[in-house]
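What follows is a set of notes on a single structure, which appears directly below.
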């Protein structure tokens, strides 16, 4: 027996069966009348909405919450020295910065920018080697595995994996200055999410290696390139020799983000 929108043809017994928690009968939709529809598929259509406050409209018609930007960790003391050529050629051994993500940021937090003080011509008496365009390179690596102890003197073996595509910045001029590696405009696959992959394999060993762990760990490897892509000399990465590490802990938090330098492959 069929029912209708007016209820004609529905007997009391059929109605009882339909209202049961485990109904033995089903209603089939014969027609659907749409009185009004508002379909928005393009950016220009979304712009006509009553309000787009707090939303970012993409050129492809996508809509997402507007980014909220904050400083996750920062060294705010004066730089007193430079890591020099052999530290910026990506050839082991070299020195790099590491961040231990011990703060309370969510797992989906994204890195929008990394800012470093770099010198494209550290010795003015020597020629500039670094390329003007895309002369600076930054690789963000995540710690994937904390391995065993090898060698003499003993060293802990770490396995790293790329957190995202490498990013580049120009090295125009001869003066030192702050260089911004901007993941919000660089054509990369996605912004890096340093906490999204979780802990490294054998994470219990991180307490031996680092200070905050076990937490996700990111390695920041800065390098300088010539126009032909080979390592460039006469460059520098500024740091404060009197401050070996920086921590940021918000009020009420027991854990913190920590920034420090480390020697890789030495």
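Values in this text are rule-based calculations from the coordinates and carry no lab data. Everything quoted here is computed from the prediction, not taken from an experiment. Methodologically, a virtual Cβ is constructed for each residue, glycine included, from the backbone with ideal geometry; neighbour enumeration extends over all protein chains shown.
List of remarks:
- Computed from the Cα positions only, the extents of the range 19-65 along the three principal axes stand at 49, 23, 20 Å, in decreasing order.
- Solvent-free Debye scattering, log10 I(q)/I(0), computed from the Cα coordinates of the range 50-113 at q = 0.24 Å⁻¹: -1.16
- Whole-angstrom gap from the range 125-142 to the range 13-28, using each part's C-alpha centre: 73
- Burial order of peptide ranges 137-146, 121-130, 163-172 (average beta-carbon count within 10 Å, highest first): 137-146, 163-172, 121-130
- Each principal axis of the Cα cloud of the range 1-111 was taken in turn, and the coordinate range along them, longest first, works out to 89, 38, 27 Å.
- The radius of gyration of the Cα set in the range 42-83, together with its Dmax, comes out at 19.0, 54 angstrom.
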